[in-house]
């Protein structure tokens with residue numbers, strides 16, 4: 001079996017080498033064809049990459065939780081496609097950049113309309129669909145101030161992953177700051193959160209947090225977390241308490257949204273704004289809709305065995 005795995009590894013390496021060789025040529029001269037090439041590559045690569053035990057977890061979770069069974073290991077496919085989109089972005093692919101601009105424009109319009117109609121500002125609640133990184137970039141494009149994001153990724157990790165080209169395609173003058181409370185002491189994390197809350201409440205900064213992060217995903221930090229007991233798919237579940245508390249602390253309503261892919265194109269679904277007074281009731285319903293909805297195969301956290309049903 002080891003020799004088979006070794007052969008698969010060499011095939012993946014060869015495919016990746018070929019991809020990198022022709023990537024810039026396609027992007028410079030035929031940007032639209034470049035997208036189809038990436039789609040073909042992601043299918044080919046994921047075919048050799050998707051044979052892992054996690055796929056059984058994905059199928060088991062989708063079948064048990066939302067009664068939908070998928071034979072094709074789409075989790076791996078979308079993971080790879082996501083990475084390719086990021087690569088395209090770094091190469092300033094015009095088609096992809098236009099799609100991201102369009103998503104940001106839609107999100108910004110709904111933010112502005114809500115403020116005009118109600119007088120209330122919103123904080124952003126992206127969900128883990130297709131790509132959390134692209135969801136943040138879209139949110140940044142829709143922001144008027146520095147965007148603070150609660151994330152388990154540090155600022156240095158983000159810059160390291162995106163490389164020096166990240167600034168070249170940056171169209172927004174607004175800054176992005178990732179705050180990772182999981183690598184700080186409890187005191188430092190609390191102090192940092194309070195500072196962010198104060199800035200957002202004063203409308204001198206914008207804010208985003210992922211409400212569908214799993215307890216199992218963050219428990220690895222070694223710190224204790226508080227949870228909100230909620231009902232998901234008819235079963236008591238644990239959701240992180242932060243997304244339930246931030247709206248009242250910041251005096252903002254909540255705008256949930258997610259990024260997805262359809263027919264090879266990047267799209268955004270902006271969900272109804274949640275009043276800060278209704279978050280406890282409405283947020284679990286939004287999470288349930290997204291996880292069990294039309295783009296459930298693109299949700300990124302199916303491979304965690306515990307789902308929301310235990311604290312890691």
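The values are calculated or read from the model by the stated rules, or taken from the named source; none is laboratory data. Just so it is clear, the model here is predicted, and its values are computed rather than measured. Glycine also receives a Cβ, built like all others from the backbone with ideal geometry; neighbour counts cover every protein chain displayed.
Conditions (1) under 28 Å from residue 204 (Cα atoms); (2) without any contact (Cβ under 8 Å) to a residue 24 or more places away in the chain; (3) in a loop (DSSP other than H, G, I, E, B); (4) outside the structural domain of residue 200 (by TED's automatic domain parsing), marked per residue:
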| residue | (1), (2), (3), (4) |
| --- | --- |
| 228 | no, no, no, no |
| 254 | yes, no, no, no |
| 272 | yes, yes, yes, no |
| 303 | no, no, yes, yes |
query: Of the residues that make up the stretch 175-195, is at least one at pLDDT 95 or above, over 26 Å from residue 296 (Cα atoms) and part of a strand (DSSP E or B)?
result: no
The correct count of residues that are at pLDDT 90 or above and not in a loop (DSSP other than H, G, I, E, B) in the stretch 96-135 is 24
Would you call residue 291 touching a residue at least 24 places away in the same chain (Cβ under 8 Å), within 17 Å of the chain's Cα centre (by Cα) and surrounded by 22 or more Cβ atoms within 10 Å (Cβ to Cβ)? yes
For the structure I just gave you, tell me whether residue 277 is surrounded by fewer than 16 Cβ atoms within 10 Å (Cβ to Cβ), over 16 Å from the mean Cα position of the chain (by Cα) and assigned to a loop (DSSP other than H, G, I, E, B).
yes
Checked the stretch 188-207 for anything out of contact with any strand residue (DSSP E or B) (no Cβ under 8 Å at 6 or more places or on another chain), buried (at least 17 other Cβ atoms within 10 Å of the Cβ) and under 11 Å from residue 250 (Cα atoms); matches are 197
